[in-house]
Amino acid sequence: MKRGDLYRVHKPHGDPKSYRVFVVVSRQVLIESRFSTVICAPVFSTSEDLSTQVAIGPAEGLKHSSWIMCDNLVSLRKTDLTQYIGSLSRTKIAELNAALKMALDLA
C-alpha cells in the first residue's frame, strides 16, 4: 500500500453506498508503520467544481470520471483496504497535494 493508491471499500462507516472508492493520503511512513489506520479521501461521481477536488477517471482504474473530495477526509483501517483499483500518477498526486493544502488551509 502506498500514498495515492485507490481502493474500493465495502460499506464504509456512515456512507449510504454499499461500496465507495477511497484514495490513501497518509504519508508513507505512517502507511508502513504499525498504526492500524490511514487517512483517506473519498471519491465521488459528481463534482462541485471546488479547488479541494481532484478529477480522476479511467487512467486511474475507474470506470468513469470521478472526483477525489479532499474536504471529506476519513480514517480507515488498513485491513479494509483490500480491493486495489489503481494509483495516481505523479501529476495527479501533485494536484492532490494542492487540494489537500487548500482543504486544510496550509500555506
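Please work out how much length the chain gains when fully extended from residue 27 to residue 44, using 0.36 nm per residue of separation minus the C-alpha to C-alpha distance, in nm with one decimal.
3.9 nm
Quick check for me: using +1 on Lys/Arg Cβ and -1 on Asp/Glu Cβ, what's the dipole size of the chain about its Cα centre, in debye to the nearest 20?
I would put it at about 440 debye.
Karplus couplings for region 5-19 from phi (6.51 cos²θ - 1.76 cosθ + 1.60, θ = phi - 60°), rounded to Hz, Gly and Pro as x?
6, 10, 9, 8, 10, 7, 6, x, 3, x, 9, x, 8, 5, 9
Looking at the square roots a ≥ b ≥ c of the eigenvalues of the Cα gyration tensor of region 5-104, which shape do they give, rounded for a/c under 1.5, prolate if a/b is larger than b/c, or oblate?
Rounded is the answer for region 5-104, as its axis ratio a/c remains below 1.5.
Starting from the Cα-Cα distance between residue 2 and residue 65, subtract it from 0.36 nm times their residue separation and give me the gain in nm to one decimal.
20.5 nm
Within region 1-28, list the residues whose amide N lies under 20 Å from a label point set 7 Å along Cα→Cβ of residue 34.
So the set is 1, 27-28.
Test of understanding: extend the Cα→C-beta vector of residue 78 to 7 Å, then name every residue of region 11-42 with backbone N under 16 Å from that spot.
Residues 24-40 fall inside that zone.
Read-outs: derived from the displayed coordinates by stated rules, not from any lab. Since this is a predicted model, take the numbers as computed values, not measurements. Note that we place each Cβ from the backbone using ideal geometry, even for glycine, and neighbour counts take in every protein chain shown.
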